[in-house]
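The values are calculated or read from the model by the stated rules, or taken from the named source; none is laboratory data. As the structure is a computational prediction, the values presented were derived from the model and not from experiment. Quick reminder, even Gly has a Cβ in these numbers, built from the backbone with ideal geometry, and neighbours come from all protein chains shown. Areas reflect the complete protein model, heavy atoms only, side chains present, ligands, DNA and RNA absent. Shrake-Rupley method; radii C 1.70, N 1.55, O 1.52, S 1.80 Å.
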Amino acid sequence: RLSTYVDLSRIKCVINTNLSKLDTSKVYAFDQFKKMTLNVSMDAVNELYPYMRGYNFSFAQADAKIKELMNISQSMQNLHIGVNAGFQIYNILNIVDFWNWAKVIHNHKPGNFVSIIVVNGPRWLRARNAPESIKQESKKLIQSLIDEDPEFGCNFYLEDCLKELNHDQSSEDIEKFIIWNTELDNIRNEYLKQVFPKLIEEWKKEGIHYE
């Protein structure tokens, strides 16, 4: 046991997880630590979630585990939950649903957090490569989130997303995305046109053909 060698009350522990294999009852083993943080990778909510995360684990299952952890954290004072997403071409319009869902977790207990990090690589996943109409729609959605709660301490993540959307598309990156994502869809037997048809439709209006 670690406690044989160190004073657990002086240790802060962070575990990164996607929740799929997490047994929530096991977190009680960390109740003697100074701080225990579970950093949960989500990227999206609802039907987009399993497409982006790429395994047989639904958003409903992930959400249920989060709720279990929130309940546990009420009695386990050192337990904190963070949820994060990488802002990219897939979830460019899912951001409102993700943010509103994540804020409930953030506000549940001091020390919980939400973060959205702008994805810069691979380059073809960058949100800037979305169709202009979708970028403009995303800007309005993100700005509305900021305006609704201007004092929220995590709004700087949203501001970074806005900066990303001000960049121009790269035709080279879009071409690589189409090749890469088509191959990936065929391997997984899951298809972008089923979860984000608007992306394909708006690209087509710009003369970019996904299929």
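Structure data summary
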item: Arg123 accessible area, 1.4 Å probe, all protein chains in place, Å² to nearest 10; result: 130
item: Expected 222 nm ellipticity per residue - DSSP helices of 4 or more, -39500 (n - 2.57), all of the chain, to 500; result: -14000 deg cm²/dmol
item: For the chain: relative contact order, % (alpha-carbon pairs under 8 angstrom, 6 or more apart); result: 16
item: Segment Glu47-Lys198, extension gain: residue separation times 0.36 nm, minus the distance between their alpha carbons; result: 52.9 nm
item: Dipole magnitude of region 20-156, debye to nearest 20 (Cβ charges: Lys/Arg +1, Asp/Glu -1, about Cα centre); result: 460
item: Residues in region 170-211 that a label on Asp97 would reach, taking backbone N under 11 Å of a point 7 Å out along Cα→Cβ; result: 195-196
item: Cα long-axis angle, helix 171-188 against the chain (0 to 90 degrees, to the nearest 10); result: 60
item: Stretch in the chain that is longest and holds no chymotrypsin sites (Phe, Trp or Tyr not before Pro) that DSSP places in a loop and that have at most 14 other beta carbons within 10 Å; result: 56-211
item: Extension gain from Leu162 to His209, taking 0.36 nm per residue of separation minus the Cα-Cα distance; result: 14.3 nm
item: Residue order for Val14, Val83, Val195 - accessible surface, 1.4 angstrom probe, largest first; result: Val14, Val195, Val83
item: With every protein chain in place, the chain: carbon and sulfur % of accessible area (1.4 Å); result: 50
item: Label point distance in nm, Lys109-Ser25, each placed 7 Å from Cα along Cα→Cβ; result: 1.9
item: Charge sum, other residues only, whose C-beta stays under 12 Å from Thr37's C-beta, Lys/Arg counted +1 and Asp/Glu -1; result: +4
item: Accessible area of region 22-162 divided out per residue, in Å², using a probe of 1.4 angstrom; result: 42
item: Shape category assigned to region 36-97 from the gyration tensor of Cα positions, a/c cut at 1.5; result: prolate
item: Per principal axis, descending, Cα span of region 39-171 in whole Å; result: 51, 37, 21
item: Calculated FRET efficiency for the pair Ser144/Glu190, C-beta based, R₀ 30 Å, to 0.05; result: 0.50
item: Förster radius 22 Å - calculated FRET efficiency between Asn155 and Ser75, Cβ distance, rounded to 0.05; result: 0.10
item: Ile11-Lys67 FRET efficiency (beta carbon distance; Förster radius 25 Å; 0.05 resolution); result: 0.40
